[in-house]
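Take a look at the structure set out below.
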Amino acid sequence: MKCGIVVFPGSNCDHDCNHILKKILNQETHWLWHKDEVDLSSFDLIVLPGGFSYGDYLRAGAISRFSPVMNSVIRFAENGGKVLGICNGFQILLESGLLPGALMQNHTRKFICKNVYVRVETTSTPFTQKCNDKSVLEIPIAHHQGSYYIDPHSLSDLEEKGQILFRYCDAKGGISESSNPNGSVGSVAGLCNEQKNVMGMMPHPERCADPLWANIDGQSIFQSLISQS
Amino acid sequence: MLAKIHVTFKEGVLDPQGKTVHHALNDLGYDEVLDVHIGKYLEVKLDSVSEDEAEIRVREMCERLLANTVIESFRFKLVSTE
């Protein structure tokens, strides 16, 4: 699988993503500098990594969304190319309109950095097909602006179309207010577009995919993508 | 010309900062405080545009970048600086 990892000024999970894709999963990776508008048609996957692009000024992702590379990413996505946005990458996908809704400040008003559980809501997407349906993954979150918001009508639309991939849950997969760390509507932790080729999630699967660590729950997301290329 | 722009959360969107300040004001004894909304205030200085032109351009700036219209609304005033 040929993967492109976008580097914005302020990205800080780009090397983690590269480490997992290249060193752990033996995939071909290339850096994509935010200032370069390039043809991405030869790529299988574009990753928008986590971090604080442009210092999160104005709103997280608001300025990065206008980087030249994003024109290439939008074209790539419109042609069916697979795009994975993690944390800040998810925020950029929402700001660019590739995914619906918005991310707001956590309802606790605090930066949250901890392991959380998410339940796999559908395996009928390129990002989750190697996961077990309704299985629980333990993946860390690290964000201040991760409370997902969309109006109630659009939320039920996402549910009906199977676009919600992950929901925050407890260790047994139960969903309640106490298992929702940031106040996201519907406990949404990750979702995809209607065509199912663009996915964004707040938890960091690249931080739990190296077998040096006890937890490699994040691998199933990358393995899902690899299995189709 | 100067554009004085306010960006605030839309009605119905939870504003955790506003809620916290609301409670703090109530705790300080300001029982008359019913609601607090926290937003952003921006001053954008404009060069050589007519007021009609500025009205269109500033609206566009708000819609494209300064506000996320999924969750935020905006309002602005144009003030002459001459």
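Observations
- In this structure, residue A:71 and residue B:48 have a Cβ-Cβ separation that, at R0 = 30 Å, corresponds to a calculated FRET efficiency of about 0.55.
- Here residue B:32 and residue A:108 are evaluated by their C-beta separation; at R0 = 25 Å the FRET efficiency comes out at 0.35.
- Reduced Cα scattering model of chain A, Debye log10 I(q)/I(0), q = 0.07, 0.08, 0.12, 0.13 Å⁻¹: -0.18, -0.24, -0.56, -0.67
- Rounded to the nearest 500, the helix-only mean residue ellipticity at 222 nm of chain A stands at -5000 deg cm²/dmol, with each DSSP H run of n ≥ 4 adding -39,500 (n - 2.57).
- In chain B, helical runs assigned H by DSSP with n ≥ 4 each contribute -39500 (n - 2.57); averaged across all residues and rounded to the nearest 500, the mean residue ellipticity at 222 nm is -8500 deg cm²/dmol.
- Among A:147-159, B:53-65, A:79-91, A:51-63, the peptide with the highest mean count of other Cβ atoms within 10 Å heads the list, and the full ranking is A:79-91, A:51-63, A:147-159, B:53-65.
- Relative packing of peptides B:26-32, A:127-133, A:39-45, B:41-47 - highest average C-beta neighbours within 10 Å first: A:127-133, A:39-45, B:41-47, B:26-32
FYI, it's all coordinate maths here, none of it is from the lab. In this text, all values refer to a predicted model and were calculated from it rather than measured experimentally. When we count neighbours, we look across all protein chains shown, and the Cβ atoms used for this are built from the backbone with ideal geometry, even at glycine.
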